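Working notes, beginning with the structure itself.
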Amino acid sequence: MQPVTIITGGSRGIGAATALLLARTGHHVVIGYRRAAGAARQVTEQVLAAGGSCLPVGVDVTDEVAVEALFDAAQEAYGPVTGVVNNAGITSTLGPLADAKVEDLRRVVEVNVVGVLLCARQAARRLPAGGAIVNVSSAAATLGSPGEYVHYAASKAAVDALTLGLSKELGPAGIRVNAVAPGVIDTEIHASSGAPDRAHQAGAGSPLGRPGSAAEIAEAIAWLLSPAASYTTGAVLRVAGGR
């Protein structure tokens, strides 16, 4: 039976790269997106052109009804969901916490923490034995990101705690829960924080001397979803170029 995998934030960056990789390796892919319908269609077309299957579904991960509808759509299209990649996440304008707007703080927590919790809750209710959840965290969770976005770092630390706790909760049911913690990755998220060149500037300071790519993170996610990682749960796999 082919795996059926939901990827939130699947229209661009790490989510899109993961969708393409999983589709090439036999997954039915369902990509959740919030606003980027055009980008989601492009990813879907690329998957279909490569011979894979992909369903784009509009979803606000902070809305429990919408999250339930996402899982329903996946099951209706392809059968029971076997994997979930909690990738949807946001940041805000770079700067010290003292200057942060309260609405930005609330939105980051809503998407990066509440959104992941809602999707993980649906996964816990629906995934069969052998299923897997991969949460996309960040190296920021342990670095703290001072002067940039400590609120984002704090939200990703919450994702790490969720990963550990849920892995222990779902382990007896045969469901694995892991996370990938990317470092500085060359995606569109930096432009949304007001620093489009940040990936190359910050990436140059890593031990490997460059930013990572979305495709490199997708490989780690795909491994954690795969049978090759059958004895791996509760892990936060750091893919951060040595940071």
Practice task
Output the qualifying pairs, or none if there are none: Cβ atoms under 6 angstrom, residues six or more apart or on different chains, first residue in the range 218-243 and more than 22 Å from A161 (Cβ to Cβ) and free of Cβ contacts under 8 Å to residues at least 12 places away in the same chain, second residue polar (S, T, N, Q) and assigned to a loop (DSSP other than H, G, I, E, B).
Solution key: none
Problem - Hits in the range 140-164 (condition: touching a residue at least 40 places away in the same chain (Cβ under 8 Å) and either buried (at least 23 other Cβ atoms within 10 Å of the Cβ) or β-branched (V, I, T) (or both)) - result: Y149, V150, Y152, S155, K156, V159, T163
Handout entry: Within the range 181-211, considering residues that are modelled with pLDDT under 90 and of a type in the set (S, T, Y), the one surrounded by the most Cβ atoms within 10 Å (Cβ to Cβ)
Key = T187
Practice task
Looking for whichever is touching a residue at least 24 places away in the same chain (Cβ under 8 Å) and assigned to a helix (DSSP H, G or I) here; the options are T18, T44. Which one fits?
Solution key: T18
Problem - Conditions (1) within 26 Å of V114 (Cβ to Cβ); (2) surrounded by 16 or more Cβ atoms within 10 Å (Cβ to Cβ); (3) at pLDDT 95 or above: number failed by T44 - result: (1)
Problem - Residues being surrounded by 14 or more Cβ atoms within 10 Å (Cβ to Cβ) and either of a type in the set (F, W, Y) or in a helix (DSSP H, G or I) (or both) - total across the range 98-108 - result: 4
Problem - Among the candidates P172, P146, residue that is at pLDDT 95 or above and assigned to a loop (DSSP other than H, G, I, E, B) - result: P146
Practice task
Kindly indicate whether A129 is in contact (Cβ under 8 Å) with a residue 12 or more places away in the chain and surrounded by fewer than 17 Cβ atoms within 10 Å (Cβ to Cβ).
Solution key: yes
Handout entry: Whichever residue in the range 216-243 is surrounded by fewer than 19 Cβ atoms within 10 Å (Cβ to Cβ) and hydroxyl-bearing (S, T, Y) and, among such residues, is nearest to V177 (Cα to Cα)
Key = T232
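The values are calculated or read from the model by the stated rules, or taken from the named source; none is laboratory data. As the structure is a prediction and not an experimental result, all values here were calculated from the model. Every residue, glycine among them, receives a Cβ derived from its backbone with ideal geometry; neighbour counts consider all protein chains shown.
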